[in-house]
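Peer 1: Questions regarding the structure given below will be posed in turn.
The values are calculated or read from the model by the stated rules, or taken from the named source; none is laboratory data. What you are looking at is a predicted structure, and each value in this text was computed from that prediction instead of being measured. So basically every Cβ, Gly included, is an ideal-geometry build from the backbone, and we count neighbours across all protein chains shown. Accessible surface areas use protein heavy atoms only, side chains included; no ligands, DNA or RNA. Shrake-Rupley method; radii C 1.70, N 1.55, O 1.52, S 1.80 Å.
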Amino acid sequence: MAWFKRDKPSVQTPAEEERRVKTEGLFTKCPDCNNVIWKKELEGLLHVCPKCAFHFKIDARQRLEFLLDGGQSEEFDAHLRSSDPLQFVDQKNYPDRLEKAIESTGCNEAVVNVQGSLKGHEVVCAAMEYRFIGGSMGSVVGEKITRAIEKSLQTRKPLIIVSASGGARMMEGVLSLMQMAKICTALAQLHQEKIPYISVLTDPTTGGVTASFAMLGDLNIAEPKALIGFAGPRVIEQTIRQKLPDGFQRSEFLVEHGMLDAIVPRKELRDFVADWLVFMSNGRSAGQ
Amino acid sequence: MMSKFEELTELKERAEALPPEATEAIAELTLRITQLEESIGKENATAWDQVQLSRHENRPYTLDFIERLFTSFRPIHGDRRFADDTAIVGGMALLEDQPVMVIGQQKGRNTKERIYRNYGMAKPEGYRKAVRLMQIAEKFNRPILTFIDTPGAYPGTGAEARGQAEAIAHNLRTMAELQVPIVATVLGEGGSGGALALSLADRILMLRHSIYSVISPESCSAILWKDQAHTQQAAHALRLTAPDLEHFKVVDEVVPEPPEGAHSDWDAAAALVKESLLRNLGELQVQSAQQRLRGRSEKFRRIGEFVE
């Protein structure tokens, strides 16, 4: 017989898995300063770390949403899709890679073309999607960027290209490489027509994209700490057989060497571009 | 090539299981298999064979061709910005008494030369020298002949700091704007962006055993297979041979080589290049500058395959 009698029922502890507060997916860690950030907060900050101003990668549609005026954008050439001209097979089939990329990104290819407005300036804008096979440029990316340039030529609207790419797409071989030539030929026409072209380089922009249209803007501007270069850091390390110093090929390094016009934080991008568009638009009467 | 061969073999096997009325079909298939086998033996060496031929150490290099194609080659140096890049040579020359601007990538034949030429890998100053020479040609209305033979643009720290990507990009746009005729000839290795920087031409000619690729088979294997064991497979997958590039309409003409390859007879190889150069240049020179610019732009505009 017990000395004390329990009148109330004992405290019921919840099952093991229910005891944890579900935080998975709610928070993210800044890769630069290790600060833990609430994802909702990060969205409100244009995906820039509130503590160290690290710029997280954002996808093409988000980019366009941040850059352009709301509700004004109209996508074009979204239907273009890659074929497999080389019938390229490595460890995976190229069509399987494409299918997976389309599924995971919701984009048909690694660039999204829109006509829209930026603080009231009508523009043509192409934003690259890094999650789509590393933002690599094959025939479709080359074709869509060329068509964006042609849209600019037809409408005389300024062109903005936001790059994020590992370079040419191996799986389309030399056809990928030749897209650089195709785009540069179209850009030459834009240049001669004196239609403004602003190139925005984001993390990372390397290889054939840097060595063609990304470096041919009237302005080449970049987000802070973006990796920008011709060869990738690993290739350079193999060539020189040394470890590269911190900050090599980052935006700041390029500005220091005179290879970029400006580093523009994400939250200032709209204002920066808009002011330059004022400068570049209808300036021809100024000299008369 | 192989897959088609296997396909036909399999078809033949199936056909043999058929009743006698299929004998005609079998005979036809057997004939085609023999034809394919013969073509593999002769013309169609494997892609990897082609890669090795394009890098053959006795293959004539740019200066070897210049010596045989032109008279009065007068090289000039430097980009007037930073340095002279010895991986790119250039200057005026006479092609059958006609003044032309010659610009090409130069490899070295022994260790000392290879280091001096940086293995034919140009730095930004090389591309800036090239564009400076092209602008001289434009000013004095002389055709430009470029020669391509490079593993690629140099991937080093200095080259990055001085804007390798910008230098190549600037060349591409400038070449798209030049009014004078431009003919590019791929002599050996056409390595990625480094080769492209001299290729935005009215005509691209390619020697039969040269290659042109977005990436070297070695790097492609390292990236896609994560090892070096699949280099040959990568070479095949990349479709980098001269006939491949002609098929994709990137190259306008495949220039034949002497039966044993350009390395076996430099004079004969140069004579074949000269014939092709003169003919193509002649065709371009009867066009107006406007026609050439339109043709050049349309040539590149068409490149690419996709589903609309």
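Peer 1: Mind checking the mean number of beta-carbon atoms from other chains within 10 Å of the Cβ atoms in B:129-142? Walk me through the numbers on the way to the answer.
Peer 2: Numbers: counts 0, 0, 0, 0, 0, 0, 0, 0, 0, 0, 0, 0, 0, 0.
Across the residues of B:129-142, the mean count of other-chain Cβ atoms within 10 Å is 0.
Peer 1: Between region B:241-264 and region A:67-109, what's the alpha-carbon centroid distance in Å?
Peer 2: Taking the Cα centre of region A:67-109 as reference, the centre of region B:241-264 is 33 Å away.
Peer 1: With +1 assigned to the C-beta of every Lys and Arg and -1 to the C-beta of every Asp and Glu, and no other charges, what is the dipole magnitude of the protein assembly as shown about the Cα centre in debye, to the nearest 20?
Peer 2: That gives the protein assembly as shown a dipole magnitude of about 2180 debye.
Peer 1: Determine, for each peptide in B:250-261, B:162-173, the mean count of other beta carbons within 10 angstrom over its residues, then list the peptides with the highest first. Please list the in-between numbers first.
Peer 2: Working: B:250-261: 17.8, B:162-173: 25.9.
Taking the mean over residues of other Cβ atoms within 10 Å, the ranking is B:162-173, B:250-261.
Peer 1: Now a separate question. Between A:Lys243, A:Lys57, A:Lys144, where does the largest GNM mean-square fluctuation fall for chain A, given springs only between Cα atoms within less than 10 Å?
Peer 2: Largest GNM mean-square fluctuation: A:Lys243.
Peer 1: Around B:Ala195, with a cut-off of 9 angstrom between Cβ atoms, what is the net charge of the other residues, counting Lys and Arg +1 and Asp and Glu -1? Before the final figure, lay out the partial values.
Peer 2: Values: positive: none; negative: B:Asp149, B:Glu189.
It works out to a net charge of -2.
Peer 1: Would you please classify the overall shape of region B:130-226 from the alpha carbon gyration tensor, given that a ≥ b ≥ c denote the square roots of the eigenvalues, rounded means a/c under 1.5, and beyond that prolate means a/b larger than b/c while oblate covers the rest?
Peer 2: It is oblate, given that a/c is not under 1.5 and a/b is not larger than b/c.
Peer 1: Here is a further query. Beyond 19 Å between alpha-carbons counts as too far, so tell me which of B:Lys274/B:Lys299; A:Lys57/A:Lys225; A:Lys92/A:Lys144 fall in that bin. Present the calculation step by step, with values, prior to reporting the outcome.
Peer 2: Details: B:Lys274/B:Lys299 23 Å; A:Lys57/A:Lys225 11 Å; A:Lys92/A:Lys144 25 Å.
Flagged as over cut-off: B:Lys274/B:Lys299; A:Lys92/A:Lys144.
Peer 1: I want to verify a result. In a Gaussian network model of chain B, Cα cutoff 10 Å, which of these has the top mean-square fluctuation: B:Thr241, B:Thr157, B:Thr146?
Peer 2: Among B:Thr241, B:Thr157, B:Thr146, the largest mean-square fluctuation in the Gaussian network model of chain B belongs to B:Thr157.
Peer 1: Is there a quick way to get the dipole size of chain B? I mean about its Cα centre, with the Cβ of Lys and Arg at +1 and of Asp and Glu at -1; what is the value in debye to the nearest 20? Intermediate results must be reported in sequence, preceding the final value.
Peer 2: Numbers: 37 positive and 44 negative charges, 374 e Å.
With Lys and Arg at +1 and Asp and Glu at -1, about 1800 debye.
Peer 1: Please work out whether the protein assembly as shown counts as rounded, prolate or oblate from its C-alpha gyration tensor, where a ≥ b ≥ c are the square roots of the eigenvalues and a/c under 1.5 means rounded, while otherwise a/b larger than b/c means prolate and anything else oblate?
Peer 2: Taking the square roots of the gyration eigenvalues as a ≥ b ≥ c, the protein assembly as shown is oblate.
Peer 1: Let me ask another. Restricting to DSSP H runs of at least four residues, report the calculated mean residue ellipticity at 222 nm for the protein assembly as shown, -39500 (n - 2.57) per run over all residues, nearest 500 deg cm²/dmol. Mind dumping the intermediate values first?
Peer 2: Values: 24 runs with 247 residues, N = 596.
The per-residue figure over the protein assembly as shown is -12500 deg cm²/dmol.
Peer 1: If you find the alpha carbon centre of region B:291-308 and of region A:154-190, how far apart are they in angstrom?
Peer 2: Centre-to-centre distance over Cα atoms comes out at 13 Å.
Peer 1: Go through region A:228-244 residue by residue and turn each phi into a ³J(HN,Hα) via Karplus (6.51, -1.76, 1.60, θ = phi - 60°); whole Hz please, and just put x for glycine and proline.
Peer 2: Values, residue by residue: 9, x, 8, 7, x, x, 5, 5, 5, 4, 5, 5, 8, 6, 9, 7, 7 Hz.
Peer 1: On to the next question. Looking at chain A, which Cys residues are left with no other cysteine's beta carbon under 4.7 Å from theirs?
Peer 2: Within chain A, the cysteines lacking a partner Cβ under 4.7 Å are A:Cys107, A:Cys125, A:Cys184.
Peer 1: Given the protein assembly as shown, what percent of its DSSP beta bridges are antiparallel, to the nearest 5?
Peer 2: Numbers: 31 of 69 bridges.
Percent antiparallel among DSSP bridges in the protein assembly as shown is about 45.
Peer 1: Most fluctuating residue of B:Asp244, B:Asp97, B:Asp85 in a GNM of chain B with Cα springs under 10 Å: which is it?
Peer 2: Highest fluctuation among the options: B:Asp97.
Peer 1: Additional query: Tally Lys/Arg at +1 and Asp/Glu at -1 over every other residue whose Cβ is under 12 Å from the Cβ of B:Tyr212; what's the total? Please list the in-between numbers first.
Peer 2: Details: positive: B:Arg239; negative: B:Asp149, B:Glu189, B:Asp244, B:Glu246.
The answer is -3.
Peer 1: Which order do B:Phe306, B:Phe147 take when ranked by solvent-accessible area (1.4 Å probe, heavy atoms of all protein chains), largest first? Let's see the in-between values first.
Peer 2: On the way: B:Phe306 60, B:Phe147 0 Å².
Most to least solvent-accessible, the answer reads B:Phe306, B:Phe147.
Peer 1: Same structure, new question: Please give the net charge around B:Val51, taking every other residue with its beta carbon less than 13 angstrom from that of B:Val51, where Lys and Arg add +1 and Asp and Glu add -1. Present the calculation step by step, with values, prior to reporting the outcome.
Peer 2: Details: positive: B:Arg55, B:Arg59, B:Arg239; negative: B:Asp49, B:Glu189, B:Glu218, B:Asp244.
Net of charged neighbours comes to -1.
Peer 1: Which whole-Hz couplings ³J(HN,Hα) result when phi for each residue of region A:216-224 is put into the Karplus expression 6.51 cos²θ - 1.76 cosθ + 1.60, θ = phi - 60°, listed in order with x for Gly and Pro?
Peer 2: 10, x, 4, 10, 10, 10, 9, 6, x
Peer 1: Which whole-angstrom value gives the distance between the alpha carbon centres of region B:108-147 and region A:38-56?
Peer 2: Here the answer is 47 Å between Cα centres.
Peer 1: Next question. Output wanted: per-residue J couplings in Hz (rounded whole) for region A:255-265, from phi through Karplus 6.51 cos²θ - 1.76 cosθ + 1.60, θ = phi - 60°, x for Gly and Pro.
Peer 2: For region A:255-265, the Karplus-derived couplings read 5, 4, 8, x, 9, 9, 7, 6, 9, 10, x Hz, x marking Gly and Pro.
Peer 1: How would you classify region B:46-302 from its alpha-carbon gyration tensor, with a ≥ b ≥ c the square roots of the eigenvalues: rounded for a/c under 1.5, else prolate if a/b is greater than b/c, otherwise oblate?
Peer 2: Numbers: a/c = 1.37, a/b = 1.21, b/c = 1.13.
Verdict is rounded for region B:46-302.
Peer 1: Further, regarding this structure: Which residue, A:Ala110, A:Tyr94, A:Val162, has the largest displacement toward the positive end of the dipole of region A:42-195 when charges sit on each Cβ (Lys, Arg +1; Asp, Glu -1)?
Peer 2: Result: A:Val162.
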